[in-house]
Ligand code: PLP
């Protein structure tokens, strides 16, 4: 199958929706191109004018099992016909217990885990942040520049991705200290590659801890194993183990935000497994329920010892979303994680081949099906070319390939984990044509 564009874009029906949307829907949303969803199946989506696109976004890393996987649709329908809601924080239902057990089993840490259910990534992180403070009684949080942890006030205070996300919202939650991220492609202050890990670790211990954040006052460091919104940046392989050791020296919690990188996307169930670190708290959302809203904070049993009433959520752990999550994990364990690794390698190698042909493709990086293509003005200086990236993303849309941007200059590839070799090849072919034409 290939994309099929039968109308001008946007087509007549799409145009009408977009016009009404402009009048009534919040203008804070960031739409990169005028795609109006009609329906989806697997890696394919049709707009409401019947044009067919190959979806390399998975609705921003959410539809893990592809659009409307028949098994997911079946369990959702079955659960919906039994009950839609019963408030898992006030009553019990078996599937909530089952999913908590399953997450405890698959999260790094040998089952010694308890789970708090939420509806989204930001809520999962709020739970993790509150738990860290509750448990340690310490006020300070550490996070990275370019990190994205969400948009509610707590998680936004940790987010340091783009100024527009914070502008006019101050004051934030106090006592957050940001640390330069060890980005191997654009290292902070030009630190040489071989010194990147040690320089940042040393900076935390000998500057941050000795000046603005005494370690006895630091509750937690929250990290994304691979920076997502910041541009799909993978830190050096020895970085997280060394950071973990440093944090343990001072009894500081390691919170692993797997909202974007988790649930099999990187070729392992959780991205932190690539680094061999066992986090104290791990958060998930996005891909966990194949498109239904669900988030979870998974913490060490001894850590998640807060008293009844100290945190809760009416909708968190919705039974329909939980049914979808149980099935999603089953599908992940039965081949999709493996497929993410295999197809990810194919896609990354293909993109690396394309990189050789175009000077403005500065970097191709990522793990599994979390791949970033960095568009630059100059390969030497690595200066980001945001405008060209945006044009590429738009031109891909016009050619029937849905991709999105990340960071300042990255084309983000985050397809569903059901993607096939044939679909990867179609995507690569269109992408190369677009780069030629631009
Ligand atoms: N954490 C990470 C790493 C994310 O990528 C995101 C969303 O992009 C969030 C948290 C926030 O998730 P949500 O939009 O579901 O609140």
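The values are calculated or read from the model by the stated rules, or taken from the named source; none is laboratory data. Computed from a prediction, not measured in an experiment: that's the story for all the values here. Counting neighbours? That spans all protein chains shown, and the Cβs are built from the backbone with ideal geometry, glycine included.
Being in contact with a strand residue (DSSP E or B) (Cβ under 9 Å, 6 or more places away or on another chain), within 10 Å of the ligand (Cβ to nearest atom) and at pLDDT 95 or above is true for just one of 223, 234. Which residue is that? Before you say what the answer is, go through the steps one by one.
On the way: 234 fails: within 10 Å of the ligand (Cβ to nearest atom).
On inspection, the qualifying residue turns out to be 223.
Taking only the stretch 104-121 into account, find how many residues are crowded, with 23+ Cβ neighbours inside 10 Å and within 16 Å of the ligand (Cβ to nearest atom).
Within the stretch 104-121, residues that are crowded, with 23+ Cβ neighbours inside 10 Å and within 16 Å of the ligand (Cβ to nearest atom) number 4.
Does the stretch 271-279 contain any residue that is closer than 25 Å to residue 408 by Cα and away from the ligand (no atom under 14 Å from the Cβ)?
No, the stretch 271-279 contains no residue that is closer than 25 Å to residue 408 by Cα and away from the ligand (no atom under 14 Å from the Cβ).
For residues that are surrounded by fewer than 19 Cβ atoms within 10 Å (Cβ to Cβ) and closer than 27 Å to residue 234 by Cα, scanning just the stretch 131-155, find the one that is farthest from the ligand (Cβ to nearest atom).
145
Can you work out which of the residues in the stretch 213-247 that are assigned to a loop (DSSP other than H, G, I, E, B) and over 21 Å from the mean Cα position of the chain (by Cα) is surrounded by the most Cβ atoms within 10 Å (Cβ to Cβ)?
213
Condition first: assigned by TED's automatic domain parsing to the domain that holds residue 112, in a loop (DSSP other than H, G, I, E, B) and out of contact with any strand residue (DSSP E or B) (no Cβ under 8 Å at 6 or more places or on another chain). Can you find one or more residues in the stretch 323-331 that meet it?
No, that holds for no residue.
Only residues that are crowded, with 18+ Cβ neighbours inside 10 Å and without any contact (Cβ under 8 Å) to a residue 24 or more places away in the chain: list them for the stretch 368-405, please.
389
Could you check residue 71 against (1) part of a helix (DSSP H, G or I); (2) over 19 Å from residue 417 (Cα atoms) and say which number it fails?
So the condition that residue 71 fails would be (2).
Just to confirm my filter: which strands (runs of 3 or more DSSP E) fall fully inside the stretch 96-195 and include at least 1 residues that are touching a residue at least 60 places away in the same chain (Cβ under 8 Å) and in contact with a helix residue (DSSP H, G or I) (Cβ under 6 Å, 6 or more places away or on another chain)?
Filter on the stretch 96-195 gives 113-118, 140-144.
Residues are listed down the side, and each one gets a yes or a no for (1) over 18 Å from residue 117 (Cβ atoms); (2) away from the ligand (no atom under 16 Å from the Cβ):
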residue: 289; (1), (2): no, no
residue: 328; (1), (2): no, no
residue: 340; (1), (2): yes, yes
residue: 372; (1), (2): yes, no
residue: 375; (1), (2): yes, yes
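Within the stretch 162-191, which residues are within 15 Å of the ligand (Cβ to nearest atom) and surrounded by 21 or more Cβ atoms within 10 Å (Cβ to Cβ)?
Once the filter is applied, which keeps residues that are within 15 Å of the ligand (Cβ to nearest atom) and surrounded by 21 or more Cβ atoms within 10 Å (Cβ to Cβ), the stretch 162-191 yields only 181.
Among all residue pairs at least 6 apart or on different chains, which show Cβ distances below 6 Å where the first residue, located in the stretch 342-358, is in the same structural domain as residue 369 (by TED's automatic domain parsing) and the second is part of a helix (DSSP H, G or I) and crowded, with 17+ Cβ neighbours inside 10 Å?
343/424; 346/424; 347/424; 350/428; 358/435
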